[in-house]
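This report refers to the structure that appears directly beneath it.
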Amino acid sequence: MIHLTEAAALQVKEMMLQAPDDEQNLRMLVQGGGCSGLSYGMGFDSEKETDLTFEQHGVKVIVDQKDYPVVKGLEVDYKQSMLGGGFTITNPNAIATCGCGTSFRTATNAGTPGGC
């Protein structure tokens with residue numbers, strides 16, 4: 001399961017108001033790159049046959065089955081500060097991360113390291 005905090009869900013719902021009607025799902029994905037080998041991606045998308053679906057606080061979260069082992073147990077939060085706000089991701093599968101905070105690797109997937 002992918003966990004979306006209430007604060008993250010509220011922010012996603014606000015952003016979703018500008019997404020096309022056929023893309024009312026939050027897609028979580030993993031792609032190669034970054035200093036540690038893998039990077040997260042988030043966006044709005046339509047559901048596909050190969051997707052797993054989770055609903056958290058009224059937001060449908062989708063992830064492709066091939067990405068799921070890397071993001072299983074992931075927590076997505078949204079933090080607001082005086083300098084602005086942003087999403088934070090905590091991944092219990094990550095065994096290494098880089099200083100930029102957006103790149104990671106797991107015990108079973110080293111990805112394709114590159115620059116941050």
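The values are calculated or read from the model by the stated rules, or taken from the named source; none is laboratory data. This one's a predicted model, so the numbers in the text were calculated from it and none came from an experiment. Cβ sites come from the backbone with ideal geometry, for glycine too, and all protein chains shown count toward neighbours. Quick note on the areas: whole protein, heavy atoms, side chains included, nothing else; ligands and nucleic acids left out. Shrake-Rupley method; radii C 1.70, N 1.55, O 1.52, S 1.80 Å.
Using the structure shown, decide if Leu52 is touching a residue at least 60 places away in the same chain (Cβ under 8 Å) and within 15 Å of the chain's Cα centre (by Cα).
Taking the combined requirement at face value, the residue does not satisfy it.
Anything in segment 34-56 that is open to solvent by 30 Å² or more (accessible area, probe 1.4 Å) and touching a Cys at 6+ places or on another chain (Cβ under 6 Å)? List them, or say none.
Cys35 - this is the single residue of segment 34-56 that is open to solvent by 30 Å² or more (accessible area, probe 1.4 Å) and touching a Cys at 6+ places or on another chain (Cβ under 6 Å).
Show the residue pairs meeting these rules: Cβ distance below 6 Å; 6+ apart or different chains; first residue within segment 68-93 and over 17 Å from Ala8 (Cα atoms); second residue open to solvent by 40 Å² or more (accessible area, probe 1.4 Å) and modelled with pLDDT of 90 or more.
Pairs found: Tyr68/Leu52.
Which of the residues that make up segment 1-21 are among the polar types (S, T, N, Q) and either within 22 Å of Leu52 (Cα to Cα) or in contact with a strand residue (DSSP E or B) (Cβ under 6 Å, 6 or more places away or on another chain) (or both)?
Thr5, Gln11 - these are the residues of segment 1-21 that are among the polar types (S, T, N, Q) and either within 22 Å of Leu52 (Cα to Cα) or in contact with a strand residue (DSSP E or B) (Cβ under 6 Å, 6 or more places away or on another chain) (or both).
Would you mind telling me which numbered condition in (1) within 20 Å of Glu6 (Cα to Cα); (2) within 13 Å of the chain's Cα centre (by Cα); (3) surrounded by fewer than 16 Cβ atoms within 10 Å (Cβ to Cβ) Gln31 fails?
Only one criterion in (1) within 20 Å of Glu6 (Cα to Cα); (2) within 13 Å of the chain's Cα centre (by Cα); (3) surrounded by fewer than 16 Cβ atoms within 10 Å (Cβ to Cβ) is unmet by Gln31, namely (1).
Please list, ordered by residue number, the strands (runs of 3 or more DSSP E) wholly in segment 62-116 having 2 or more residues that are surrounded by fewer than 18 Cβ atoms within 10 Å (Cβ to Cβ) and modelled with pLDDT of 85 or more.
75-81, 84-90
Condition check ((1) of a type in the set (Gly, Ala, Ser); (2) farther than 28 Å from Cys98 by Cα; (3) touching a Leu at 6+ places or on another chain (Cβ under 6 Å); (4) assigned to a strand (DSSP E or B)) across all residues:
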{"site": "Met1", "(1), (2), (3), (4)": "no, no, no, no"}
{"site": "Ala9", "(1), (2), (3), (4)": "yes, no, no, no"}
{"site": "Val12", "(1), (2), (3), (4)": "no, no, yes, no"}
{"site": "Cys35", "(1), (2), (3), (4)": "no, no, no, no"}
{"site": "Gly43", "(1), (2), (3), (4)": "yes, no, no, yes"}
{"site": "Glu49", "(1), (2), (3), (4)": "no, yes, no, no"}
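Looking at Val63, Val12, Val70 in this structure, which one is among the aliphatic types (A, V, I, L, M) and touching an Asp or Glu at 6+ places or on another chain (Cβ under 7 Å)?
Values: Val12 fails: touching an Asp or Glu at 6+ places or on another chain (Cβ under 7 Å); Val70 fails: touching an Asp or Glu at 6+ places or on another chain (Cβ under 7 Å).
Result of the check over Val63, Val12, Val70: Val63.
Only one residue in Ala7, Ala19 is out of contact with any His (no Cβ under 8 Å at 6 or more places or on another chain), among the aliphatic types (A, V, I, L, M), open to solvent by 30 Å² or more (accessible area, probe 1.4 Å) and over 20 Å from Thr106 (Cβ atoms). Which one? Break it down into steps so the answer makes sense when it comes.
Details: Ala19 fails: open to solvent by 30 Å² or more (accessible area, probe 1.4 Å).
From the options Ala7, Ala19, the qualifying one is Ala7.
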